[in-house]
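Heads up: the structure comes next, in structure tokens.
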Amino acid sequence: MEYFNKDVISDLLVDRRYRTARYLIIVLALTIITISMVLGNLTYLGSSEYELFEWASYIFSVFGLILFNVCFLVPRYLLKNRLTHYFFYAGLLIIIILAMLAVLQTQLFSSKTIIEKMGMGALYLNLTSSFVSMGLLLAGSSAIMLFRYWIKNNRRINELKSATLQSELDLLKQQINPHFLFNMLNNANVLIWKNKEEARNILFKLEDLLRYQLHEENKDQVLLTSDIQFLRDYLNLEKVRRDKFEFKIEEEGEMEEIRVPSFLFIPFVENAVKHNQDSKHESYVHIYFRLHTNQLTFRCENSKPIRETVKKGVGGIGLKNIQRRLTLLYPKQHTLLINNNETTYEVILTLEL
């Protein structure tokens, strides 16, 4: 409810659809304020002739003051931080309006009548209070304009941030996906030379992987269960290629309705597969997903070859990009731990959903 109220207020102040409503609210507020000022004076004066004059003079002068301030003084001086000029012209404007009101009062009504009813001291006091009242009205209208300007700037900044973040996320996904695709195609190429019949079946599996990748690539979020199945298919493809490779994926918790950013876990698994390739010894990749309340934990552990050879070139960019994506997608809502020792490499990622 609080966010709804904030959105309604901000829309009312800056949205073009509510321009007419803004003008009506301003006119209504100024009318009420002006009538209150005039009625306060009439209680003291008790003059029906003065009543008509006060109504006309105060309403038109206040409306003119606010209109000139909002349309000219605020955008020309206040918003450009030319405060000295703004306060000078605002004060001068109020003095000119009050001088015109004083002249009208003394000219349209005989000075004797005015003095008899009010007294010169009371007249000066009335002008002084009018100066303060108009100054407050001027300050109020300026504050509303500044608040409106602040909301518009904040919206513009947020739009730019969102556009920038989305562009960066798209770029990161474009960098991750070709890398992943390269590794899958390389696996299929090896199988073609190893066993043509087996390679044919593998190519069908590869087709499913690519179809999923192309279908889900442009989505902001995907079902976690779909991503887990994709990882399972990918590791099955790797298992066919390598005789001494085994993997397992375990799930804990109800994950059917959980959605996560697309291709969030793939670089971790790909990195695990890449760095445990050992044709002479047993190797493994173990993956765990655990959902508890609103916290999702992903753990990926892989064995390391006895004499690990660090490959350069394609591959190193994946983990760096996923770390950057996590910072953008889950600011202060994730933890990433990496445990690296002589025989195993483990990644533990915790997300606050």
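Worth pointing out:
- When you filter the GluC sites (Glu not before Pro) in the stretch 230-275 for DSSP loop state and at most 16 other Cβ atoms inside 10 Å of their Cβ, you are left with Glu254, Glu256, Glu257.
- At R0 = 25 Å, FRET efficiency that the Cβ-Cβ distance of Phe204 and Lys320 yields, to 0.05: 0.15
- Set Lys239/Lys304; Lys152/Lys332; Lys152/Lys219 screened for pairs whose C-alpha atoms are more than 23 Å apart: Lys152/Lys332; Lys152/Lys219
- FRET efficiency, 1/(1 + (r/R0)^6) with R0 51 Å, evaluated for His85 and His334 via beta carbons: 0.55
Throughout, read-outs are computed from the coordinates displayed, never taken from laboratory work. Keep in mind that this is a model prediction, so the values were computed, not measured. Note that each Cβ is placed from the backbone with ideal geometry, even for glycine, and that neighbours are counted across all protein chains shown.
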